[in-house]
Amino acid sequence: MSSRKTVLGIFGSLFALAAIGLLVAGSVVIWTTGTHRTAEGFITTSTGDVSTDSYALTSTQLDLGAIRNDWLPASWLATIQVTASPRGDAPVFVGIGPADEVADYLDDVVHDEITRISDGDVTYLRHQGAAMPTLPSDQEFWVGSSEGLGSQTLVWDIEPGQWTVLIMNADATPDVAVDVSAGARTPWLAFAIVILFIGGLFCAAVGAIMLVFAFRRPAIVSPEGAQRVVPPMATVPTGSEHDSD
């Protein structure tokens, strides 16, 4: 195989692998949206049981500082949803606010930070304190919140910054126990699926063409101007050609 065909074979294989990856990714996104999508268009996680004997549960800091949306409405980027369903009769509060202001609110208040949720296993980081918190609904820094009896859902259009989600009993008492789920919605999802499939089909076509040229056997062509030489046919002597002496 010539060096040119070797290069075509290598790049054709790479394009074929890229096509498989893009098409698989598009299929996974379609499957996920079909099985985890709510009527409101949110793709949600499974519900997890979280609880603490302290005053509050918080998320790790959500760093959205790199997002720039000066020329787009926030809802055009993504909208997040957090649903908290209390496992008791107490009203629940769920809110999201600037990370530094949430930290100041919980300063010297014992609470647990949820650092990981995986397959039903929850990992917490305990922050110690001795103070009692004030009512969360009295705070004015929340950019989104929901409070009341039964399941409460927070819906928020993302904005640049560092944010923290907080879940508490609405009356600021300890022992918080809720079933929680999170979700996200973006208007770019359908566009992303189309791009994945178009990219996959394009890579598949380019890869197929390269592989065809790489492994195509050259045609055997006779030299120009060559003529086929037909050997003379042997003649069979007849009886008249034999003279008797």
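The values are calculated or read from the model by the stated rules, or taken from the named source; none is laboratory data. Note that the structure is predicted; figures quoted are calculated from it, not measured. Methodologically, a virtual Cβ is constructed for each residue, glycine included, from the backbone with ideal geometry; neighbour enumeration extends over all protein chains shown.
Worth a mention:
- Within region 20-50, restricting attention to residues that are modelled with pLDDT of 70 or more, more than 17 Å from the chain's Cα centre (by Cα) and not charged (D, E, K, R), the residue that is farthest from residue 194 (Cα to Cα) is 50.
- So residue 175, is it among the charged types (D, E, K, R), in contact (Cβ under 8 Å) with a residue 24 or more places away in the chain, in contact with a helix residue (DSSP H, G or I) (Cβ under 8 Å, 6 or more places away or on another chain) and more than 20 Å from residue 60 (Cβ to Cβ): no
- Subset of region 64-83 (residues that are assigned to a strand (DSSP E or B) and either modelled with pLDDT of 95 or more or farther than 17 Å from residue 143 by Cβ (or both)): 83
- The residue list 157, 89, 119, 108 contains one member that is assigned by TED's automatic domain parsing to the domain that holds residue 174, charged (D, E, K, R) and closer than 14 Å to residue 54 by Cα, which is 108.
- A count restricted to region 137-168 and to residues that are free of Cβ contacts under 8 Å to residues at least 60 places away in the same chain, not polar (S, T, N, Q) and not in a loop (DSSP other than H, G, I, E, B) stands at 4.
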